[in-house]
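The values are calculated or read from the model by the stated rules, or taken from the named source; none is laboratory data. This is a predicted model, so every value here is computed, not measured. We place every Cβ from the backbone using ideal geometry, glycine too, and count neighbours over all the protein chains shown.
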Amino acid sequence: MSEVLVVAKAYAYVTRPTSESSLLLFEHPHPDKGIQVPKGGIEDGEDPREAVVRELREETGIDAHREVSFLAEDTWEHPEKQKRYRRHFFRVTVEDSRDEWVHTVTGSGSDAGDDYRCFFADPTEVRVDADMDDYLDRL
């Protein structure tokens, strides 16, 4: 039996102080990847909080450093791959007046150069992919 790979990821639940029921989401250009929250891999030697700030900047263009608070940590089994994710969830509060925009992903990941349609929405009205909504009740 082969060993299961464990990958560390940081997830951002981004809200605005003026609207607690509005969550930042993005639509991935590849339809099979669905609607997601900003998230990504934690690099070697990187703190999960640093990773969530970096991923938020790379995937949405938002630079957030002050209003970042830890919500939860768990291990999630991928339903189709021999892979587990050590997930670190953070709440990030941002002052951003845009409701929707397109951002070209930066960084060195496989999605670099992809265009993400970013938007704020009520998370109860949108299906978030791959159990990324597991801790929304903690917002």
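Quick notes
Okay, residues lined up against (1) surrounded by 14 or more Cβ atoms within 10 Å (Cβ to Cβ); (2) within 24 Å of residue 5 (Cα to Cα):
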| residue | (1), (2) |
| --- | --- |
| 69 | no, no |
| 75 | no, yes |
| 88 | yes, yes |
| 92 | yes, no |
| 100 | no, no |
| 103 | yes, no |
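- Residue within segment 49-60 that is modelled with pLDDT under 95 and out of contact with any Cys (no Cβ under 7 Å at 6 or more places or on another chain) present: no
- Just one of (1) under 15 Å from the mean Cα position of the chain (by Cα); (2) in a strand (DSSP E or B); (3) free of Cβ contacts under 8 Å to residues at least 60 places away in the same chain fails for residue 51. It is (2).
- The single residue among 113, 109 that is more than 14 Å from residue 16 (Cα to Cα), in a loop (DSSP other than H, G, I, E, B) and at pLDDT 95 or above turns out to be 113.
- Qualifying residue in segment 22-43 (condition: under 16 Å from residue 131 (Cα atoms) and without any contact (Cβ under 8 Å) to a residue 24 or more places away in the chain): yes
- For segment 1-36, taking the residues that are assigned to a loop (DSSP other than H, G, I, E, B) and of a type in the set (Gly, Ala, Ser), the one that is surrounded by the fewest Cβ atoms within 10 Å (Cβ to Cβ) is identified as 2.
- Only listed residue being modelled with pLDDT of 95 or more and over 21 Å from residue 30 (Cβ atoms), chosen from 68, 102: 68
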